[in-house]
Each structure stands twice: as structure tokens, then as C-alpha cells.
Amino acid sequence: MNRKTKSLRHIIRFLVLTLAASLVLGGVVFAAPIVVKVGTTSDEPRVWNAVQKNLDAAGENIKIEIVYITPANPNEFLAAGELDLNAYQHYANLEKNA
């Protein structure tokens, strides 16, 4: 085996090992996003779209999934584990029902 072939084999071995290490150590980069299910009775997603933009801009691996719930109470879905958060009570509603 000549010197050129040995050098080429070393380079290929180095590249393969580097690629393998980057896949193992950098696996978190390719991980599936964390999905957060937010239950709401509103059909207005502007607030959650803004939250998603902020998460994306910060490089967070979190995706918001809006679940529209009508006419049921989102607390029931939250208690059943079908949602991670609920967002249906607002200040005016709390003032009216306090």
C-alpha cells in the first residue's frame, strides 16, 4: 500500500469517526420538538402565535398545539390529561364570575 492510499484511508476514517461522533453527541439538535397542547374556547390564535414566534426566535424546541374546545370546559380535558395547559379564563370572565 502506497503512502497516498494510507493517507486517504486515514482521512476517510477521520471523517467517518467525526460524523459518527457528531450524530451521537449532537443528537439533541435533531430531537422531535416538545409539543404543548393548549386548550382554549377562543378561535383567536393571535396570542399563541406570538408565543410560538418568541419560542422559535429563542431557539426553543417547543411547538404549541392549539386545541379548540367548544362548548365543553377545558378544565375537564386538562384533568383527563388531554391538555397540558388551558387558556379560556380572562380578566373580564374572572371579574364577572368572582
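The values are calculated or read from the model by the stated rules, or taken from the named source; none is laboratory data. Quick caveat, the model's predicted, so the values are computed rather than measured. Methodologically, a virtual Cβ is constructed for each residue, glycine included, from the backbone with ideal geometry; neighbour enumeration extends over all protein chains shown. With ligands, DNA and RNA removed, areas are computed over all heavy atoms of the protein, side chains included. Shrake-Rupley method; radii C 1.70, N 1.55, O 1.52, S 1.80 Å.
When all protein chains stay in place, what accessible area (Å², nearest 10, 1.4 Å probe) is found for E76?
120
Could you work out the local net charge near K37, counting Lys and Arg as +1, Asp and Glu as -1, over the other residues with Cβ closer than 12 Å to its Cβ?
Its environment carries a net charge of -2.
Multiply the residue separation of A31 and R13 by 0.36 nm, subtract the distance between their alpha-carbon atoms, and state the gained length in nm to one decimal.
3.8 nm
What are the ³J(HN,Hα) values, in whole Hz, obtained from phi via the Karplus relation 6.51 cos²θ - 1.76 cosθ + 1.60 with θ = phi - 60°, for each residue of region 47-57 in sequence order, with x given for Gly and Pro?
5, 6, 5, 5, 4, 4, 4, 5, 5, 5, 5
List the aspartates and glutamates whose alpha-carbon lies under 15 Å from that of K53, not counting same-chain residues fewer than 8 positions away?
Result set, ordered by chain and number: E65.
Give the long-range amide H neighbours of E65: residues separated by 5 or more places, or on another chain, with amide H under 5 Å away, using H modelled in the peptide plane at 1.01 Å from N.
Those lying under 5 Å, H to H, from E65 are V36, K37, V38.
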